[in-house]
Every structure is written in structure tokens, then in C-alpha cells.
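A quick write-up on the structure given underneath.
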Amino acid sequence: MDQSDIEEIAELIADLDDEAEELVQECIDAGLDPVEVLKGGVVKGLEKIGILFEQKEYFLAELMVGGELAENCIKIIDPHLPESSDGERQGCVVIGAVSGDLHDIGYGLVAKQLELAGFEVHSLGVNIDAMDFIKAAQEKGANIIGLSAFLVTTIPNCRDVVNYVKDMGLQDQFKVIMGGAETNQEKSDMMGADGWAPNAMEAVTLCKNIMEAHFS
């Protein structure tokens with residue numbers, strides 16, 4: 001087992017082939033770096049799915065299948081991952097899918113990547129009301145609220161969280177970021193969010209930049 005097998009995991013996930021799970025298990029059993037299996041295999045595979053979605057070759061059904069496949073692979077890898085690959089604690093994030101959105105596709109991977117990068121992460125689940133995000137952030141002492149909006153119809157619900165934070169005068173306490181299949185930088189800017197990321201890797205970079213700019 002070597003790097004080529006990790007690359008094959010990415011291809012299998014992109015092809016929505018559940019043999020990816022077997023290969024992930026084989027790579028772990030063979031002693032390959034679980035972080036590399038996650039990043040070079042699962043994350044890369046999901047990124048390929050995202051590209052196919054943007055190109056209209058994949059649609060909602062394929063995203064859901066790919067997300068479930070990736071989550072199953074993560075469950076195999078998870079027990080073997082280090083608590084943090086960056087050592088020092090970076091900050092605290094609460095993350096979940098906004099009200100009306102019942103999909104956890106993608107944001108679970110973001111949460112895992114943030115944990116590996118040294119963040120304390122609290123996953124709230126799906127269909128989370130705007131005020132529940134804020135209450136959780138207050139209870140956990142979070143710096144960042146992460147919003148996942150997978151469906152076009154639920155993207156406006158991200159604005160509710162942003163507006164509550166502003167109306168309650170909490171802009172200095174919490175920074176709100178968003179992501180999801182139908183989100184983009186323009187939509188994030190229009191509703192006044194503090195950032196947007198197209199994938200898990202860039203979400204980590206975004207959160208690190210926010211911590212450095214506002215909480216260091």
C-alpha cells in the first residue's frame with residue numbers, strides 16, 4: 001500500500017464507488033498515515049465531487065451519495081487520527097446546518113479538518129435555528145460560528161444568524177462564516193458574513209486567518 005492507493009481512494013469516492021471504504025480500511029491496516037488517507041483520499045475525492053457538481057455533471061442526488069460515502073470512510077479513519085496535527089489550540093468553532101437544511105454533507109468533514117488543525121469544534125447537527133447557533137456559541141465560548149447551507153432555499157437562513165449577531169452587538173465576540181454546495185463569496189458578502197470557504201481545507205485557512213486577525 002502506498003500513495004497510489006490513497007489517490008485511488010479519491011477516484012473511487014469521486015466515482016461514488018463504495019469500494020472506497022474497503023480501500024480505506026486496507027490503507028489503515030497497512031499502517032499508512034491516517035491524516036494523509038483523510039486529506040489525500042477522502043478530502044480530494046469530495047473536492048472532485050464538488051467540481052463535478054459545479055460543472056453540472058453531478059446533481060443533488062450524487063452529492064448526497066458522495067457525502068454519505070465520505071462520512072463512512074471518515075468513520076473508519078477517525079479512531080486512528082491524532083487529536084491535533086498542529087499542536088497549539090487555535091480557537092473554538094460551533095458548526096451546523098441552518099434551519100430547514102437536513103443535510104450534514106460536507107460540514108462534518110470541515111469539523112474534522114478543523115479539529116486536526118487544533119481547533120475545539122462543537123458540531124450542532126442539522127436544522128439549527130439562528131438563536132440556537134448563538135446560544136451554543138455563548139455556552140461553548142466560541143470564536144467562530146460556522147453555517148452550512150446545502151440547499152438554495154436555506155441560504156437566506158444564514159442571514160438570520162448574521163443579523164442576530166449584529167442586532168445583539170456580538171460582532172466582536174463571534175465571527176460568522178458559511179459554506180455549502182449552493183453558497184459562494186458573493187452571497188456571503190451580500191448578507192454580511194465574515195467569510196466563506198468552498199471546501200474543508202480552505203475553511204481551516206479561513207478560520208486561522210480570522211483568529212489571527214481578530215482574536216490574537
Kindly evaluate I9 against the criterion of being under 16 Å from G66 (Cα atoms) and assigned to a helix (DSSP H, G or I). yes
Name every residue in the range 177-216 that is in a loop (DSSP other than H, G, I, E, B) and touching a Ser or Thr at 6+ places or on another chain (Cβ under 7 Å), in order of residue number. G180
Kindly indicate the residue of the range 124-149 that is among the aliphatic types (A, V, I, L, M) and more than 21 Å from V204 (Cβ to Cβ) and also modelled with the lowest pLDDT among those meeting that condition. V126
Looking for whichever is in the same structural domain as G125 (by TED's automatic domain parsing) and not in a strand (DSSP E or B) here; the options are G67, G108, G40, G31. Which one fits? G108
State whether the residues of the range 14-28 include one that is modelled with pLDDT under 90 and either in the same structural domain as F150 (by TED's automatic domain parsing) or under 21 Å from E115 (Cα atoms) (or both). no
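Of all residues in the range 111-136, which are acidic (D, E) and either within 26 Å of I51 (Cβ to Cβ) or assigned to a loop (DSSP other than H, G, I, E, B) (or both)?
The answer is E115, D129.
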For the condition surrounded by 16 or more Cβ atoms within 10 Å (Cβ to Cβ) and within 25 Å of K166 (Cα to Cα), what is the one hit in G91, G108, G125, G66? G91
Taking the range 192-209 as the search range and keeping residues that are surrounded by 20 or more Cβ atoms within 10 Å (Cβ to Cβ) and in contact with a Lys or Arg (Cβ under 8 Å, 6 or more places away or on another chain), which one is modelled with the lowest pLDDT? A200
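The values are calculated or read from the model by the stated rules, or taken from the named source; none is laboratory data. Everything numeric in this text was worked out from a predicted model, so none of it was measured. FYI the Cβ positions are ideal-geometry reconstructions off the backbone, even for glycines, and counts take in every protein chain you see.
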